[in-house]
Structures are given as structure tokens and as C-alpha cells.
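Below is one structure, written out as C-alpha cells, with a few remarks after it.
The values are calculated or read from the model by the stated rules, or taken from the named source; none is laboratory data. From a predicted model like this one, the values you see are computed outputs, not experimental measurements. Here the Cβ positions follow ideal geometry from the backbone for every residue, glycine too, while neighbour counts run over all protein chains shown.
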Amino acid sequence: MHARVPAMTPLSVTISRARLTYGGTLLFSDLTLELPAGRTTCLLGPSGVGKTTLLRILAGLAEPEPPTEVVTGDRQPLAGRIAYMAQQDLLLPWLTVLDNVLLGDRLRHRRPDPARVEQARALLDRVGLTGRERDRPAALSGGQKQRVALARTLMEDKPLVLMDEPFSALDAITRLRLQETAAETLAGRTVLMVTHDPLEALRIGDRLHVMTGRPAVMGPALEPSGPVPRRVDDPDLLAHQAELLRRLAE
Ligand SMILES: Nc1ncnc2c1ncn2[C@@H]1O[C@H](COP(=O)(O)OP(=O)(O)OP(=O)(O)O)[C@@H](O)[C@H]1O
């Protein structure tokens, strides 16, 4: 059975003229990034350039400076409409795998109804963790924990999904599989994903941006054609790979 995240109206989000200073160092100013509705945008760039910080601003976890503005397509605030998968898996060690996936429901003081439990089980199946529902996170490998965190993110019924290197702890084959799962289950969502892997970005991104420098600037969008997930031997993907590597090396 394929678990699909329920359909919802896609939401466009733009962060414009973003500015942030940490301890006297200007990380970026006048940084603008458009996230088209229902599309996956991938953000690449060297370590420390400020990718996570930009994600955290969108998630409401970092305070930007004026004149930063976050504008949504429906002009409603973003608060409460974001699913955020952080770099660390952030699973609660005292909860089972299944209850970690259902954490959002628990936090909203809702007893998960049987349909939600079924959806959580189906998502665990999709990420290859059937049979591990009753385990605690301590019994899982790093990659398995990351898969639970992915299932939890997919379980959240939010129009904007922020993912910070979601597949970094996975072996190459699991990584390819999970990229497919994510691309399929997140279809129709507006997604911003930070990754260090150009191939990953080219497989599942509709738009790719490279962020470089200090203060950081946002490179123009690279838009590989064709539906995602793209095959690793897709000629268009390979053609874009050279351009992406060139931008990263700049
Ligand atoms: N809370 C904070 N207080 C002070 N400095 C911070 C804070 N968070 C991040 N920084 C600094 O801001 C810069 C950007 O960090 P950020 O984590 O956004 O980079 P990144 O591009 O996501 O890096 P990586 O690819 O290594 O995850 C770094 O120099 C970091 O040390």
C-alpha cells in the first residue's frame, strides 16, 4: 500500500530581503528566495554559508532583522503551517517509533484516531521500517532514526515542508529509495530542502539554488526538466550536474 499525504491547496512562499547578523558578523542581507507553490526547491552551498539559518527563519526559530519579509501566496501567516525536519533527528527517546511518527497528534492533545495510526504504519512501511513500530529510537541505527523522522514529517499535514539534509545519514541505496519516497509522498507540497548532494538535488528538485559568500548571495534558479524523482542516468540531469558543480565550486 502506498501512503499518500492528503492533497491540499499548494502555497507559495517568498522570503525577501532577508538580513541576519550573528555576533557582529553579517551572514546575509538582501537575500531573496521564492518557493513556488507545490514545488520542491533545493538549497545548496558551502558549510556555514547560512542555509540552516534561512530555514530556521522560515520555521520561526531564528529572528531576522528588518527589512526581512516572509510573504505567502494567500497572505495568511505561516505559523502553524510548517513541517520541519531538522538536521538532528530529534526523536523522543521514551516514545516508540510509531508514537514518534504520531508526535504531532500527541502534541496537539489529540488521541490519534485509527485512520491516523494506519497512515503512520503505512508511512513506516514506505520508509522500510515495518516491524519496528514498537521499538524505541535507541534500538535504531542513525539512518533508521532519520527514516522515522522523515515519516513523522510526511505525517504532518502541512503545506510547507522544510527539510535540512534529511538523507545525510543514509547509505547510498537507501538514500536513493528514500528520495523516491519523499518525492512521491510530498508531491503537491511546497518543499524547501537543504542538501550537500548535487545529485540528490537534481533527482528531486524542481528548482535548485546555490547560496555562496559572506554576506551570502542567492544564485539564480536552475530548473531541470521532467517529473521527479529523476533517474540518475537522465540526460537532462547529467547535463545540469556539470553546471551545478561549477556553481558550487565558485
Ligand atoms: N545561534 C547561532 N548563534 C551564533 N552563530 C550562529 C548560530 N547559528 C548559526 N551560526 C553561525 O552562522 C553561520 C551559518 O550557519 P548555518 O548553520 O546556517 O550554515 P549552513 O550553511 O547550514 O551550514 P552546514 O551546511 O554546515 O549545515 C555559521 O558560521 C554558524 O556558526
- Query: Listed residues A138, A151, A115; which is closer than 17 Å to E184 by Cα, part of a helix (DSSP H, G or I), away from the ligand (no atom under 16 Å from the Cβ) and small (G, A, S)?
  - Reply: A151
- Listed by first then second residue, the pairs whose first member lies in region 77-95 and is on the phi > 0 side of the Ramachandran plot and touching a residue at least 40 places away in the same chain (Cβ under 8 Å), whose partner is in a loop (DSSP other than H, G, I, E, B) and crowded, with 20+ Cβ neighbours inside 10 Å, with beta carbons under 6 Å and at least 6 positions apart or on separate chains, are none
- Of all residues in region 163-204, which are of a type outside the set (S, T, Y), under 20 Å from T53 (Cα atoms) and away from the ligand (no atom under 16 Å from the Cβ)? V191
- Task: Could you identify the single residue in R247, R175, R214 that is in contact with a Phe, Trp or Tyr (Cβ under 9 Å, 6 or more places away or on another chain), over 26 Å from G143 (Cβ atoms) and of a type in the set (K, R)?
- Result: R214
- Note on the structure: Quick count over region 10-37, residues being more than 16 Å from the ligand (Cβ to nearest atom) and not in a strand (DSSP E or B), is 5
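Table: residues versus (1) buried (at least 16 other Cβ atoms within 10 Å of the Cβ); (2) touching a Leu at 6+ places or on another chain (Cβ under 6 Å).
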{"site": "L202", "(1), (2)": "yes, yes"}
{"site": "R214", "(1), (2)": "no, no"}
{"site": "G219", "(1), (2)": "yes, no"}
{"site": "V228", "(1), (2)": "yes, no"}
{"site": "D234", "(1), (2)": "yes, no"}
- Query: Picking from R152, R136, which residue would you name as being among the basic types (K, R), at pLDDT 90 or above and touching a Phe, Trp or Tyr at 6+ places or on another chain (Cβ under 8 Å)?
  - Reply: R136
- Please list, ordered by first then second residue, the pairs with beta carbon atoms under 7 Å, 6 or more apart or interchain, first in region 38-63 and touching a residue at least 24 places away in the same chain (Cβ under 8 Å), second among the hydroxyl-bearing types (S, T, Y) and near the ligand (Cβ under 7 Å from one of its atoms). A62/T53
- Task: Given the conditions (1) buried (at least 16 other Cβ atoms within 10 Å of the Cβ); (2) in contact (Cβ under 8 Å) with a residue 40 or more places away in the chain, report the number of the one that H240 does not fulfil.
- Result: (2)
- Message: Could you tell me how many of the residues in region 205-232 are within 14 Å of the ligand (Cβ to nearest atom) and out of contact with any His (no Cβ under 7 Å at 6 or more places or on another chain)?
- Response: 9
- From the options P220, P224, residue that is in a loop (DSSP other than H, G, I, E, B), under 24 Å from S16 (Cβ atoms) and not polar (S, T, N, Q): P220
- Message: Every residue in region 53-78 that is over 14 Å from I15 (Cβ atoms) and either polar (S, T, N, Q) or under 17 Å from the mean Cα position of the chain (by Cα) (or both), please.
- Response: Q76
- Note on the structure: Filter region 38-57 for residues that are out of contact with any helix residue (DSSP H, G or I) (no Cβ under 7 Å at 6 or more places or on another chain) and of a type in the set (A, V, I, L, M, F, W, C); the one that is nearest to the ligand (Cβ to nearest atom) is V49
- Note on the structure: With criteria (1) within 16 Å of the ligand (Cβ to nearest atom); (2) surrounded by 13 or more Cβ atoms within 10 Å (Cβ to Cβ); (3) at negative phi, G60 comes up short on (3)
- Which residues, taken from region 80-110, are within 18 Å of the chain's Cα centre (by Cα), more than 16 Å from the ligand (Cβ to nearest atom) and not in a helix (DSSP H, G or I)? G80, R81, I82, A83, L91
